[in-house]
Amino acid sequence: MNLPTWAWLDKADFKPVSVTASLDVAGFHAEATTTAEPDALRLDPGVDDAQVLPASGECAMKNGSIGQPYAPGKANLTPPCGVVYQRSSGDGTFNLRHRHLEDQLDGDRWCGRHPARR
């Protein structure tokens, strides 16, 4: 309680993923490719009284990674990405969740953001 939990994802964890779907009907060919590429991590602490860092709860990618790992000597620093819980959950637990989806279609160059389902 009242100690920051540092959150981070290393550069090696980020890889774009593409999928192409195609359809051939009566001599007509159509295909679309969508690519998912990470650009941020949104933290959901699971309780209303927790403090997320940064205050928006969205940790942006910087130099290919997100956040920073905790290391000795950082005890008095505020993490660039993390959570501070104000109280104990007692004997209960909560899995920290994150979400972010972004779609991009080749061809027409349509882009859109969609909330992830929990």
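Any read-out appearing in this document is the output of simple, stated calculations on the displayed coordinates, not a laboratory observation. These figures come from a predicted structure and were not determined experimentally. Because the Cβ atoms are built from the backbone with ideal geometry, glycine has one as well, and the counts that use them run over all protein chains shown.
According to a simple spin-label model (label point 7 Å from Cα along Cα-to-Cβ), what is the distance in nm between ALA12 and THR78?
3.2 nm
Output ³J(HN,Hα) for the range 30-36: one whole-Hz value per residue in order, computed from phi by the Karplus curve 6.51 cos²θ - 1.76 cosθ + 1.60 with θ = phi - 60°, and x for Gly and Pro.
Couplings: 10, 8, 9, 10, 10, 10, 9 Hz.
Across the range 57-73, in residue order, what do the Karplus-derived ³J(HN,Hα) couplings come to in whole Hz, using 6.51 cos²θ - 1.76 cosθ + 1.60 with θ = phi - 60° and x for Gly and Pro?
x, 9, 9, 7, 6, 9, 6, x, 10, 10, x, 9, x, 5, 8, x, x
Pull out the extension gain between GLN86 and LYS62, defined as 0.36 nm times the separation in residues minus the alpha carbon to alpha carbon distance; nm, one decimal.
Extending this stretch completely gives an extra 5.8 nm.
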